[in-house]
Amino acid sequence: WMINIGDGDQFGSGFVDVNPNSKIPALMDRSGPEPFRVFESGAILLHLAEKFGAFLPTSLATRSECLSWLFWQMGSAPYLGGGFGHFYAYAPLKIEYAIDRFAMEVKRQLDVLDRRLGESEYLAGDDYTIADIAVFPWYGGMVEGCLYNAAEFLSVQDYTNLRRWADTIGARPAVKRGRMVNRPFGELSEQLRERHDANDFNTRTQDKLEQA
């Protein structure tokens, strides 16, 4: 279900029952006799990976590498979004110190990822994992030029390993489908505002709904 944060849906009592921190995403697992909530994106990814036995390495060393990068994203992305993104793109006052401070931190993070991805195909090694799933929307989106109109300002073209990784992940069919879900902007054929069935990709994109 789409939660419209512009309208404050995240503060409604129904959503707060699922995530007391009023942030998206959140999940209700109804597969057992008693539903239970999972909130925070890292916890959701780990829950789903363990539940379905996918995208989480089984060897101890590689699993640890995967979880290290997953939690790296949890700690780092607020500097990109709430820090750099806010002051560069959204703050009513352009504060040079704040923009420079967070821009340098984001460039440091991009360099960390770029150096890691010069060593391995994916963050945890040879295979795509929940670490890549967590990091891609933020840092892949940045080097793709999708975030804050800041690609030139941050010189994202310099991070060649990170760009190779982002291109590889962005080309995955499941990633292309996932980027359509809860999307209220862009091409109508790429907006699936609510996804409740796999066939919704064929029947309920916004172009088809508006034609109907």
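Within the same chain, aspartates and glutamates fewer than 8 places from residue 23 are excluded, and of the rest, those with a Cα less than 17 Å from its Cα are 7, 9, 40.
Shape of the chain from its Cα gyration tensor (a ≥ b ≥ c, root eigenvalues): rounded if a/c is under 1.5, otherwise prolate when a/b > b/c, or oblate? Provide the component values of the computation, followed by the final result.
On the way: a/c = 1.43, a/b = 1.17, b/c = 1.22.
Since a/c stays below 1.5, the shape of the chain is classed as rounded.
Measuring spread by the Cα atoms of segment 130-212 yields a radius of gyration and Dmax of 14.7, 46 Å.
Can you pull out the GluC sites (Glu not before Pro) in segment 113-156 whose DSSP state is coil and whose Cβ has at most 10 other Cβ atoms within 10 Å?
Working: sites: 119, 121, 144, 152; in loops: 119, 121, 144, 152.
Sites meeting the loop and neighbour criteria: 119, 152.
What is the Cα centroid distance between segment 90-143 and segment 11-56, reported in whole angstrom? About 25 Å separates the Cα centre of segment 90-143 from the one of segment 11-56.
Computed from backbone phi with θ = phi - 60° and the Karplus coefficients 6.51, -1.76 and 1.60, the 3J(HN,Hα) list for segment 37-53 is 9, 9, 10, 6, 4, x, 5, 5, 4, 5, 4, 5, 4, 6, 5, 9, x Hz; x is used for glycine and proline.
Leaving ligands, DNA and RNA out of it, report the carbon-plus-sulfur percent of the accessible area of the chain at a 1.4 Å probe.
Working: 6610 of 12370 Å².
Summing carbon and sulfur atoms, their accessible area is 53 percent of the total for the chain.
In terms of the mean number of neighbouring beta-carbon atoms within 10 Å, the peptides 191-203, 81-93 order highest first as 81-93, 191-203. Based on the Stokes-Einstein relation at 20 °C and a viscosity of 1.002 mPa s, and on the Kirkwood radius from alpha carbon pairs, segment 36-120 is assigned a translational diffusion coefficient of 143 µm²/s. Inverting the pair-averaged 1/r between distinct Cα atoms of segment 1-78 gives 14.1 Å as its Kirkwood hydrodynamic radius. Taking label points 7 Å from Cα along the Cα-to-Cβ direction, residue 111 and residue 62 give a separation of 3.1 nm. Put simply, when 108-114, 96-102, 160-166 are sorted by average Cβ atoms within 10 angstrom per residue, most first, you get 160-166, 108-114, 96-102.
Remark: spin-label model distance residue 187-residue 97 equals 4.6 nm, labels positioned 7 Å along the Cα→Cβ axis.
The values are calculated or read from the model by the stated rules, or taken from the named source; none is laboratory data. A quick note: this is a predicted structure, and the numbers were derived from the prediction, not measured. Neighbour counts are summed over all protein chains in view; Cβ atoms, including those assigned to glycine, are modelled from backbone coordinates with ideal geometry. In case anyone asks, the SASA skips ligands and DNA or RNA and just uses the protein heavy atoms, side chains included. Shrake-Rupley method; radii C 1.70, N 1.55, O 1.52, S 1.80 Å.
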